[in-house]
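Here's the structure we're looking at; comments come further down.
Derivation of every value follows stated rules applied to the coordinates shown; laboratory data play no part. None of these values were measured; they are calculated from a predicted model. For neighbour counting, all protein chains shown are included, and Cβ atoms are generated from backbone atoms with ideal geometry for every residue, glycine included.
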Amino acid sequence: MTVQRIWKQHRLQPHRVEAFKLARDPEFVAKVRDVVGLYLNPPDKALVLSVDEKSRIQALDRTAPLLPLRPGIPARQTHAYKRHGTTTLFAALSLLDGKAIGQCLPRHRSQEFVSFWEQIDRQTPAELDLHLIVDNSSTHKSPPVKCWLSQHPRFHRHFTPTSSSWLNMAERWLGEITRKRIRRGNFRSVKELIAATEEYLHIYNQQPKPFLWTKPADMTFAKVAAVKKR
């Protein structure tokens with residue numbers, strides 16, 4: 001109890017550990033200002049979409065049924081499972097209304113990424129420019145992607161800095177679908193996994209909740225500077 005009182009008095013929590021990673025991108029400042037500028041001041045007559053993908057999602061079939069929650073006891077699932085293949089979920093989150101465009105494809109390559117952008121092209125108003133926030137994956141910069149973009153001038157890419165996935169809103173949305181649907185699911189095939197993902201997308205888009213970015217770029221730079229100083 002004496003040790004506990006001392007920790008509390010000095011606001012020490014030695015049982016907690018938090019992780020951090022500093023970006024070494026030489027264009028870190030310019031990219032942060034570009035992306036945050038889109039969040040806080042989106043351009044007129046345009047849509048801002050945050051784009052990301054969750055690759056190799058496993059269709060896991062638990063060896064025993066899920067035990068439902070009860071008063072005082074959370075839902076429980078067995079640790080053992082069988083694998084039935086994988087899929088990749090591509091997602092684009094609209095910052096205007098929070099709606100999500102999603103597509104499950106077998107692999108994570110340039111041709112799949114181009115296929116997803118074609119879907120975005122079909123599902124958005126043709127008269128609007130599209131500003132897409134993407135990370136630095138090689139599939140986002142490949143020759144097939146550049147060739148496709150040259151033929152679709154309304155698409156504009158904006159790259160987040162390396163090691164800065166926290167700047168991409170779609171990453172947070174993918175975390176939610178993982179936590180609420182995929183991780184709790186029991187899938188006997190990839191087809192069932194894709195069907196469950198599409199069902200979640202359909203239900204979510206009926207009452208979407210936009211993700212709001214409120215922190216200006218200078219606050220981010222100040223926090224990074226403080227970490228570097230420590």
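For GLY85, the shell of other residues with beta-carbons less than 13 Å away shows a net charge of +4, using +1 for Lys and Arg and -1 for Asp and Glu. For segment 1-122, the mean projected area of the C-alpha convex hull, equal to one quarter of the hull surface, is 15.4 nm².
Within the set of other residues whose C-beta is less than 11 Å from the C-beta of ALA170, count the net charge using Lys and Arg as +1 and Asp and Glu as -1. Spell out each step's value before the answer.
Numbers: positive: LYS54, ARG172; negative: ASP52, GLU53, ASP135, GLU171, GLU176.
That sum, taken over residues with Cβ under 11 Å, equals -3.
Partners of LYS141 within straight-line reach, counting lysines whose Cα lies under 18 Å from its Cα and excluding those fewer than 8 residues away in the same chain: LYS31, LYS54.
Do the sum for the chain: with -39,500 (n - 2.57) for every DSSP H run of n ≥ 4, divided by all residues, what is the mean residue ellipticity at 222 nm, to the nearest 500 deg cm²/dmol?
Values: 7 runs with 82 residues, N = 230.
Value at 222 nm, helices only: -11000 deg cm²/dmol.
Roughly how many whole Å is it from the C-alpha centroid of segment 1-41 to that of segment 99-134? Segment 1-41 and segment 99-134 have Cα centres spaced 32 Å from each other. For the chain, a Gaussian network of Cα nodes joined below 10 Å ranks GLN58, GLN207, GLN13 by mean-square fluctuation, and the top entry is GLN13. Counting only GluC sites (Glu not before Pro) that are in a DSSP loop and have at most 13 other C-beta atoms within 10 Å, tell me the longest site-free stretch of the chain. Maximal segment without exposed cleavage sites: 128-230. Here the label points at THR178 and CYS147, each 7 Å from Cα along the C-beta direction, are separated by 3.3 nm in the simple model.
Using alpha carbons only, what's the Rg to Rh ratio of segment 114-196 with Rh from Kirkwood? Before the final figure, lay out the partial values.
Working: Rg = 15.6 Å, Rh = 15.1 Å.
We get a ratio of 1.03 for segment 114-196.
Using a Förster distance of 30 angstrom, determine the FRET efficiency expected from the C-beta separation of LEU12 and ARG33, and round it to 0.05.
Values: r = 36 Å, r/R0 = 1.21.
Calculated value: 0.25.
Computed from the mean reciprocal separation of all distinct C-alpha pairs, what Kirkwood hydrodynamic radius does segment 150-230 have, in Å? Don't skip to the end; give the middle numbers.
Details: mean 1/r = 0.0614 Å⁻¹.
Computed over segment 150-230, the radius equals 16.3 Å.
Considering the chain at the alpha-carbon level, its Rg and Dmax are found to be 20.9, 70 Å.
Looking at the chain, identify the longest residue range that excludes and avoids all chymotrypsin sites (Phe, Trp or Tyr not before Pro) in DSSP loops having at most 16 other Cβ atoms within 10 Å.
On the way: sites that count: PHE20, PHE211, TRP213.
Of all site-free stretches, the longest is 21-210.
Taken over the C-alpha atoms, segment 82-156 has Rg and Dmax values of 13.2, 47 angstrom.
Modelled spin-label separation between ASP218 and ASN136, with each label point placed 7 Å from Cα along the Cα-to-Cβ direction: 2.7 nm. Using 0.36 nm per residue and subtracting the Cα-Cα separation, the extra length available between ILE73 and HIS202 on full extension is 43.4 nm. Amide H contacts under 5 Å for GLY85: ALA59, restricted to partners 5 or more places along the chain or on a different chain, H placed in the peptide plane at 1.01 Å from N.
Residues considered: PRO65, PRO144, PRO43. Largest GNM mean-square fluctuation over the chain, using C-alpha springs under 10 Å, is found at PRO65. Build a GNM of the chain with springs between Cα atoms under 10 Å apart, and of ILE182, ILE203, ILE73 the one that fluctuates most is ILE73. Summing charges over all other residues whose Cβ lies under 12 Å from the Cβ of ARG33, with Lys and Arg as +1 and Asp and Glu as -1, gives -2.
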